[in-house]
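The values are calculated or read from the model by the stated rules, or taken from the named source; none is laboratory data. Because the structure is predicted, anything quoted here is derived from the model rather than measured. Here Cβ is always computed from backbone atoms with ideal geometry, including for glycine, and neighbour counts include all displayed protein chains. Protein only, heavy atoms only, side chains kept; ligands, DNA and RNA dropped before computing areas. Shrake-Rupley method; radii C 1.70, N 1.55, O 1.52, S 1.80 Å.
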Amino acid sequence: MNSLSRLRAPHPHLGAYYGIVTSAFVSLIVLLAMFEQLGWREVVIAQFMIVTPLLLYIVIAVGSRTRNTEDFFTSGRRVPAVFNGFVLAATAVGGVGFLAYTGAVFFLGFDALAIGLGLTCGILAGAVLFVPYLRKAGAYTLPGFLGQRFRSRRLRIAASVMQIPPMALLLAAEIKIAALIASLFLPLTFSLAVFLVAALVAAIGMLGGMRALTWAGSAQFIVGAVGLAVPLVTVSILLTSLPTPQFTYGELIPSLQNAEITAGLSPVQPEEVEADLPPTAPQKVLKPFFQSFGIFGEFDFVMLFLCLMLGTAALPSLLVRSGVTRSVVEQRRSKAWALLLVALFALTAPAMAVFVKLLVFQDIGLAPAATAALPDWLTGLSGRQLLQASDANGDGGIGAAEILFTRDGIALTLPTLAGLPYVLTVLMAASGMAVALAAAGSHLFTLAGSMAEDVYRVLDRGAAEHPRLAAAWGAIAGSAIAAALFLIVADIDPLRAALTALAFAAATFFPVLLLAIWWPRGSEWGAFASMCTGFSVIFLGTMFGPNTGIYLAIVGLVGVIAGLLAGITASLYGIKPPAAATAYWQEMRNPEGEAIYDRAKARAAASAANASTGGQ
């Protein structure tokens, strides 16, 4: 049954189906805009805009349910490149990128580009260094690949355990972003929103595994892309008369610089302020947008960029999707789509930040208004806790320096600041929630799927198909509940949690993947030494060092170097890899032919069938 699943072609009408999904979502936007003009209440519009896409995701997941192991773990290896690229891009950006990165660009300006460049170059590095070879190997999980490459069950279990911290941190960060949006626009408390979001993500994963996550994630990407594009393009037309914000916001540079000077923003030096990422708490803007290396010096900028690039390249929740396409060529194409989409978002976030800052300074920064004549948006955004304003200097007005902005709410403020209908504000919220759910689903499945495939299956070597799926269901449910409980008792910063997770991924998995794929002399003990050294460095640095973003980036890079040196040393002075491991490496390096794992399964099935026939 698995081989038949793999040989089936992708559905020929997928494009038409998702075209219908896109048209239906656009129609929903138009209808709600009409109903807003007819006097519908904002709370009702918000409920329809946010809840309707959630119901769509559940319907798609129910339609994608499966109990086939290959469908559950690899979506049958027949996902078209463009749809896999959609989900890869949504996973890489996520709700953290959508909201927190945009907010970081607003506060840090040029200095925050290290984050966008790191994500984009990380996708490229992973596509060149790892992805084609992982697709040829065909393992269901990253620990599974390492176990097969080095012929070691112990290594497989160890890798599965070591990927828990980065996946758990990213899962918690994405659930928190989605829950924050839900609690802002729906009549829900934050705690209840956390459990509902966790339940939704777990339900999609349990229904169809990678298959459901792929097709629901494609719809979530479409909702995220449309929800971001419509308000942003509208504001771009209002401010620049052109619908290409990524390329036209440069026209606003002189106006923004004049407004910043009038508001009292002057260039700062890294030694004058703490070199760290902006926190979640409301704060004022400290530096001009286009000043380079104001918060981060050149060294800090490069360290942050390299850590994020290596962490993104080795992120298990991105690499686990290496086996869902039909061939190595298709997988390369899907990474090209992901690279294009992530790069486009990295160019879009600065445009959003510039628009928000200019709109604020136009209304308040250039001429502080008397408290009796404040703009309408100030009251509305303050009521949603997206910003805070007070007459701190007692001059009877509120200037730009007296407005405290919430980092994760910058993107959500754009439609209101531009005077657009409320429906576009909740559209932006639905967009952020969509990509947060897509990313959370990928991180959850990577974490739980590895527990079932790399721990349960290895410990119980006689596990049949359905017990393995039952173990995966239990792991998905348990991980979702644990993440929800953690968020109830712990107040985490999603951006800092994501940076910590990428530092863990870089230090733990980048060196061992480099050795496993590019060096035939790499051995089991070299892989152990590489992973354990990198993991220990970043774990100890996180536990006992200062909790700043730049420090975590530096420790992550130290872990990469230490892990690489430890892996090379242990491989050179330890036992040579067996002939089977060398033969596996040579076969993996050839992109032609069927996946190694699939051929091994086919041989095992044929041997079992022959043995059964002979026994009769």
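Within region 326-339, residues that are within 8 Å of GLY85 (Cβ to Cβ) and of a type in the set (S, T, N, Q) sit with their Cβ atoms under 6 Å from residues that are open to solvent by less than 10 Å² (accessible area, probe 1.4 Å) and not in a helix (DSSP H, G or I), at 6+ positions apart or across chains, in these pairs: SER334/THR325.
Among the residues of region 586-604, count how many are assigned to a helix (DSSP H, G or I), surrounded by fewer than 21 Cβ atoms within 10 Å (Cβ to Cβ) and either in contact (Cβ under 8 Å) with a residue 40 or more places away in the chain or among the charged types (D, E, K, R) (or both). Qualifying residue count for the region: 9. Of the residues making up region 484-503, those that are over 19 Å from GLY432 (Cα atoms), open to solvent by 10 Å² or more (accessible area, probe 1.4 Å) and assigned to a helix (DSSP H, G or I) are LEU485, PHE486, ILE488, VAL489, THR500, LEU502. Given the residues ARG321, ARG332, which is the only one that is under 20 Å from SER442 (Cα atoms), at pLDDT 80 or above, open to solvent by 10 Å² or more (accessible area, probe 1.4 Å) and of a type outside the set (Phe, Trp, Tyr)? Residue meeting the stated conditions: ARG332.
Here ALA203 meets each of (1) under 23 Å from the mean Cα position of the chain (by Cα); (2) at positive phi with one exception, condition (2). Among the candidates THR312, THR325, the residue that is closer than 30 Å to ALA137 by Cα and part of a loop (DSSP other than H, G, I, E, B) is uniquely THR325. Inspection of region 284-295 identifies no residue that is surrounded by 21 or more Cβ atoms within 10 Å (Cβ to Cβ) and within 23 Å of the chain's Cα centre (by Cα). Annotation: of all residues in region 226-280 being in a helix (DSSP H, G or I) and charged (D, E, K, R), the one that is most open to solvent (accessible area, probe 1.4 Å) is GLU271. Name the pairs: first residue in region 164-177 and touching a residue at least 40 places away in the same chain (Cβ under 8 Å) and of a type in the set (Val, Ile, Thr), second residue open to solvent by less than 10 Å² (accessible area, probe 1.4 Å) and not in a helix (DSSP H, G or I), Cβ to Cβ under 8 Å, at least 6 apart or on different chains? That search, which allows pairs on different chains as well, returns nothing. Is it true that some residue in region 460-480 is buried (at least 19 other Cβ atoms within 10 Å of the Cβ), free of Cβ contacts under 8 Å to residues at least 40 places away in the same chain and within 18 Å of SER160 (Cα to Cα)? Looking through region 460-480, at least one residue is buried (at least 19 other Cβ atoms within 10 Å of the Cβ), free of Cβ contacts under 8 Å to residues at least 40 places away in the same chain and within 18 Å of SER160 (Cα to Cα). May I ask you to verify whether THR406 is farther than 30 Å from SER27 by Cβ and modelled with pLDDT of 95 or more? So THR406 does not fit the description; no.
Looking across GLY559, GLY526, one residue alone is under 24 Å from ALA92 (Cα atoms), in contact with a Gly (Cβ under 6 Å, 6 or more places away or on another chain) and either free of Cβ contacts under 8 Å to residues at least 24 places away in the same chain or assigned to a helix (DSSP H, G or I) (or both). It is GLY559. All conditions but one from (1) surrounded by 20 or more Cβ atoms within 10 Å (Cβ to Cβ); (2) of a type in the set (Val, Ile, Thr); (3) over 26 Å from ALA114 (Cβ atoms) apply to THR569; the one that does not is (1).
When region 309-318 is filtered for residues that are over 15 Å from SER450 (Cα atoms) and open to solvent by less than 10 Å² (accessible area, probe 1.4 Å), the ones remaining, listed by number, are GLY311, THR312, ALA313, ALA314.
None of ARG457, ARG521 is open to solvent by 10 Å² or more (accessible area, probe 1.4 Å), modelled with pLDDT under 95 and not in a helix (DSSP H, G or I) except ARG521. Listed by position, the helices (runs of 4 or more DSSP H) contained in region 13-94 that have at least 2 residues being at pLDDT below 95, open to solvent by 10 Å² or more (accessible area, probe 1.4 Å) and out of contact with any strand residue (DSSP E or B) (no Cβ under 6 Å at 6 or more places or on another chain) are 14-37, 42-63. Of everything in region 372-403 that is in a helix (DSSP H, G or I) and farther than 17 Å from LYS284 by Cα, the residue that is modelled with the lowest pLDDT is ALA372. From the list GLY138, GLY217, the one residue that fits, being more than 30 Å from VAL43 (Cβ to Cβ) and touching a residue at least 24 places away in the same chain (Cβ under 8 Å), is GLY138.
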